[in-house]
Structure formats: C-alpha cells, structure tokens
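*Asks:* Take a look at the following structure, please.
The values are calculated or read from the model by the stated rules, or taken from the named source; none is laboratory data. In this text, all values refer to a predicted model and were calculated from it rather than measured experimentally. Using ideal geometry, Cβ is built from the backbone for each residue, glycine included, and neighbour counts are taken over all protein chains shown.
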Amino acid sequence: MLSRLVLVSGHTLKNSGSFGACLVQASRSFHQSSQSLAPVPPLPEKGGKVRHGIFPEELFTLLYPKTGVTGPYMLGTGLLLYMLSKEIYVINHETFAAASIGAVVIYGIKKFGPSVAAFADKINEDKVAKAQEVKDQAMASLTQGIEDEKKEQWRVEGRHMLFDAKRNNVAMLLETNYRERLHMVTNEVKKRLDYQVELQNLHRRMEQEHMVNWVEQSVIKSITPLQEKESIAKCIADLKVLAKATQARATV
Amino acid sequence: MAGRRAAVKAIDWVAFAERVPPNQRAMFNSLKTRSDSVAAKLASLPEKPAPIDWTYYRSVVAKAGMVDEFEKKFADLTVPQPVDTQTAKIDAQEQEANKTAAAYLEASKAHIAEYEKGLEKFRNMIPFDQMTIEDLNNTFPETKLDKVKHPYWPHKPIADL
C-alpha cells in the first residue's frame, strides 16, 4: 500500500512541473523503484473478518491459546461491569438515546445491507463489463482488420491474371487477323478463277442460244405458204376427229 | 503461313473472379465480355482456309497457262503475320502494377504490424477487476480526468456523464 502512495506522490511530483533538478531526480528514482514491484498484487476480495460486526477476529485468535473460546467474552463482560460499577461510564438519558439509535441502525443494516451491497456491486460490475466489452470489440476489430489486410494481399497476388487475360486478348486478336488475311487471299484467288470459269460458261451459252435462234429462223423462213395451208387443213381435220371422239366419250 | 506466335494461355475465370475486389467488379465483367467475344470470333474462323482445287480449274479454264500461273503465284505468296504493338505496353503496365503492388503490400504489412501492436497491448493488459484508476488511466489515456481544465468534481462536462 505504501508503494502505491509512493507511486501517487511520484506521479504528482512529475506532473506539477519542474521545481528543480533534484526533485525531478527524486521522482524518477521513486518511479524506477516502484516499477520493480510491478505487477502490483491484486486487492483482497473481502475485508478482515469481524465478529458481531465490530470486534476483529484477531482478538479472539490472540486470546484463544490462553483462555479458550469464552475468553474474549469474559473479558468484555468484565470490562463492561467494571465500567458500570465504578461509574466510569455513567448511565443517563444519552444512554437510552444511543441504545435506540443503535437498535434502529442495526435493524436497518441487517435488513437492507445485502440488497444495497448487491446494488453497489452491480454498478461496479456494469462498469467492468462495459470496459470488457470495449476491449473485446477493439480486439475483434483489430483481428478483423488483420484478416482484411491479409485478404487484400491475397487479392493483389492475383494481378498477373489480369495481364495474362490482356495478353491473351491481344494474341487472339492477332491470330484472328492473320486467319482473316489467309481467308481473304484464298477467296480472292478463287473469285478470279471462278470469274474466268463463269466467263467461259457465258460464252458457250451465248453461242448455243445464237445457234438455236439461227436454226429456228432459217426453219421458219423455209416454210412456204403452200406448206402452211396444207398444215393448217391437216390440223383442222385432226381437231374434227378429236372433237367427235370426245363427244362420243361424253355421251357414254 | 506457318509459325504461330504467342500461344494463348488458359485462364481460370472462376479463380480470377474470386480475387476481384467488389469495387472493381464492373471492370472485370466488361473485360470478361470482351475476352469472350474475341475468343468467340477466333473460334468461328477455321484455322486454314479451304484448299483450292487446282485440277478442276485446270480442266475447266480454257486459257492456257492461266491456272498454272495462278497456282505458282499462290504457292509463293506468304501472308505476313500482323505486327504485335500491344504486348510491350502490357508488359510495361505489368511492371508498373508490380511496383504499385509491392508498395501496397508494404503499406498493408505496416497496417498489420500496427494492428498486431494494438492486439499485444490488449493481450498483455491486466484484467479490469484488478486495475486501479491509475492503471486504467495508464492503459487508456482517454479515461484520464483533466483536473486542470475542470477543477471541480466530476472533472468533466456534465453532458459527458
């Protein structure tokens, strides 16, 4: 506990400016010496044990070897009787007032003590819980931050894929262009050859048609008017025969 | 007409997609559609054009020597490979990207070191129920009450209670 006082005084000395080199020196030596006691042991959970609310347990353990269990009680009774009988303590109106107040106080403590203590403890617990929550959240966010950073690093590692894709695109475009050129060359040559073939075909067709026309015309010219009349008469006779045949078929 | 240049590398688009951060997804999608269209165009073209049937033409075309002349010239013809102007640029871009990536990694590692330091401080802290107010002020300097600025209790503006 004294070390804590030393720490406090050291702190205040340091904080209240520089009075002189020696004082600063002293505070630094204080600080250094108290640092060697770190970590400070935790405060005890409960206070010293007492009996009947006032008398410390150490008194009873002190007297136990000599006087046993009833020793301190006998001591207390004897002291009380001594003070009353010798009128070292005089009974007066104040005695009654003190007794009443004492009774009320003891009743109040006995009845409401535990709940008030629980309430105070709860306030403390809430503070600690809040601080703990802050700490947990901070730790969680830090770990999350580390995770995110690692993920981003992993993402960055994949950057070569982008450039591979770009190079692929370029290669594919070049390849496409090359193939298009090949195709174009072949197609052009083929077109030229086909043109020649078609040209020849056209020539031949035209010659054929011309010859046919010429033959037809010469045949028509060679038909004399007499032959024409004869062929028309023959046609009419044939038609009459055909008409008779169809009439006969129709009546049947 | 032989000797293809840069071979096309197989790209794992699924793995690539995993590594794309959400704010660059649109760019990635446009890249993918472009690549797919280019690949489709390439696939639609056959590798070699259909060979010309010289014997048929020789038998049909009347002009003497024309087909032979065509054939000879056709065989001698070499189609030039298209010149690759972009790969150098892409390599330069890649170098740039590598540099920026290295810088980014450095920054990222610095961040991680900071976070680690904070985590260490939290891990080495004494538990709250063993702290005094001074220990609390030492660990979290923001909890220290400014007794100079607010000399009277509660040493902070009432609104902050």
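*Asks:* Report whether or not A:R179 is within 30 Å of B:M66 (Cβ to Cβ) and at the interface with chain B (Cβ under 7 Å from one of its Cβ atoms).
*Replies:* When the stated conditions are applied, A:R179 passes them.
*Asks:* Moving to a separate point now. Looking only at the stretch B:112-161, count every residue that is in a helix (DSSP H, G or I) and either touching a residue at least 12 places away in the same chain (Cβ under 8 Å) or closer than 14 Å to A:A138 by Cα (or both) and tell me the total. Spell out the reasoning first.
*Replies:* Let us first name the residues in the stretch B:112-161 that are in a helix (DSSP H, G or I), namely B:112-123, B:128-130, B:133-139, B:141-143, B:158-160.
Narrowing further to those that are either touching a residue at least 12 places away in the same chain (Cβ under 8 Å) or closer than 14 Å to A:A138 by Cα (or both): B:114-123, B:139.
Residues meeting the conditions: 11.
Let's see how each residue does on (1) in a helix (DSSP H, G or I); (2) in contact with a helix residue (DSSP H, G or I) (Cβ under 7 Å, 6 or more places away or on another chain); (3) hydroxyl-bearing (S, T, Y):
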residue	(1), (2), (3)
B:S37	yes, no, yes
B:A40	yes, no, no
B:R58	yes, yes, no
B:K72	yes, no, no
B:D84	no, yes, no
B:A88	yes, no, no
B:A101	yes, yes, no
B:S108	yes, yes, yes
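Residue-wise test of (1) out of contact with any strand residue (DSSP E or B) (no Cβ under 9 Å at 6 or more places or on another chain); (2) over 30 Å from A:K135 (Cα atoms); (3) surrounded by 11 or more Cβ atoms within 10 Å (Cβ to Cβ).
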site	(1), (2), (3)
B:F16	yes, yes, yes
B:F28	yes, yes, yes
B:A62	yes, yes, yes
B:D76	yes, yes, no
B:T85	yes, yes, no
B:K109	yes, no, yes
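*Asks:* Could I ask something else about it? Only residues that are of a type in the set (A, V, I, L, M, F, W, C), facing chain B (nearest Cβ under 8 Å) and under 24 Å from B:A107 (Cα atoms): list them for the stretch A:122-173, please.
*Replies:* A:A138, A:M139, A:L142, A:I146, A:W154, A:V156, A:M161, A:L162, A:F163
Yes or no, residue by residue, for (1) facing chain A (nearest Cβ under 7 Å); (2) hydrophobic (A, V, I, L, M, F, W, C):
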{"residue": "B:K41", "(1), (2)": "yes, no"}
{"residue": "B:G65", "(1), (2)": "no, no"}
{"residue": "B:F74", "(1), (2)": "yes, yes"}
{"residue": "B:V79", "(1), (2)": "yes, yes"}
{"residue": "B:E120", "(1), (2)": "no, no"}
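*Asks:* Now, a different point. How about the stretch A:194-227: which of its residues are loosely packed, with under 10 Cβ neighbours inside 10 Å and charged (D, E, K, R)?
*Replies:* Within the stretch A:194-227, A:K221 is the sole residue that qualifies.
*Asks:* Between A:L202, A:L142, which is under 60 Å from the mean Cα position of the chain (by Cα), at pLDDT 90 or above and aliphatic (A, V, I, L, M)?
*Replies:* None of the other options fit; the residue is A:L142.
*Asks:* On the basis of being at pLDDT below 55 and either in contact with a Pro (Cβ under 6 Å, 6 or more places away or on another chain) or under 21 Å from B:M131 (Cβ atoms) (or both), does A:S29 make the cut? Spell out how you get there, then give the answer.
*Replies:* Working: at pLDDT below 55: yes; either in contact with a Pro (Cβ under 6 Å, 6 or more places away or on another chain) or under 21 Å from B:M131 (Cβ atoms) (or both): no.
So A:S29 fails the test.
*Asks:* Something else about it: Would you check if A:K166 is in a helix (DSSP H, G or I), under 17 Å from B:A88 (Cα atoms) and either among the small types (G, A, S) or at pLDDT 85 or above (or both)?
*Replies:* yes
*Asks:* Before we move on, is B:A6 farther than 14 Å from A:M172 by Cα, within 7 Å of chain A (Cβ to nearest Cβ), modelled with pLDDT under 80 and part of a loop (DSSP other than H, G, I, E, B)?
*Replies:* no
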